[in-house]
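FYI, it's all coordinate maths here, none of it is from the lab. Treat the numbers as computed from the prediction; the structure is a model and nothing was measured. A quick note on method: Cβ atoms are made from the backbone with ideal geometry, for glycine too, and the neighbour counts reach across all protein chains shown.
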Ligand code: ADE
């Protein structure tokens, strides 16, 4: 996987790329690049935005600037799947992550200000993706969320102990949330762990965990 994040703030990703599992995925052959719109802008003085037609508050990222950045990175030929991050997009979930993680190259467009000229959505992006129905100041955090969910699935990103096989929303758990975990001490301030977990009966433990996942799933539905 080759992940390209287009941003006005490449330094915002410095911490992120050093953390596991992102660092591990990179060591195992994935690439993670930040691409600064300003590097390719055709406008004077590193300008990337402009005021909206029709008036209104805020500034809008220009379509010619985004197109120039995509051209600068990918040339005139085929472009990879390109995702624009916007609160109005398709909600990110495990099935979308599976889809995106299967791409050989993925471009994530993050914006600031009032977002992008809508022609970016219409003509340059293949998908609009949201990380939830709330508005953030910019697309950098959403890009990190998308990148994290993808990178942790790549070969070598997670150690055996952190296996993603039986985690929340995985196929192994029928798409349900994961069961709760407990560790030592078995009792703390009168708060006990469920007895079944120290019964030594693996079948019972498995059954209990499944029940917990189901009831957590039902509780989420009721919200
Ligand atoms: N940009 C600002 N808010 C966002 C959100 N909730 N999801 C994706 N991109 C965004």
Quote to one decimal, in nm, the extra length available between residue 47 and residue 78 on full extension: 0.36 nm per residue of separation minus the C-alpha distance between them. 8.5 nm
Mind checking the angle between helix 202-221 and the chain's longest principal axis? C-alpha axes, 0 to 90 degrees, to the nearest 10. 50
Average silhouette area of the chain, convex hull of alpha-carbon atoms, in square nanometres: 16.4
Roughly how compact is segment 165-221, stated as its Cα Rg over 2.2 N^0.38 Å to two decimals? 1.22
Quick one: helix 63-74 against the long Cα principal axis of the chain, what's the angle to the nearest 10°, folded into 0 to 90? 70
With label points built 7 Å along Cα→Cβ from the Cα atoms of residue 170 and residue 141, find their separation and express it in nm. 2.8
So how far apart, in nm, are the two label points at residue 94 and residue 39 if each is 7 Å from Cα heading toward Cβ? 3.6
Could I have the simple spin-label model distance between residue 130 and residue 182, label points 7 Å from Cα toward Cβ, reported in nm to one decimal? 3.9
Compute the helix-to-body angle for 140-151: its Cα long axis versus the longest principal axis of the chain, expressed 0 to 90° and rounded to tens. 50
Where in segment 69-88 does the amide nitrogen come within less than 15 Å of the point 7 Å from the Cα of residue 2, taken along Cα to Cβ? 70-82
So what's the back-of-envelope 222 nm ellipticity for the chain, counting only DSSP H runs of four-plus at -39500 (n - 2.57) apiece and dividing by all residues, rounded to 500? -8500 deg cm²/dmol
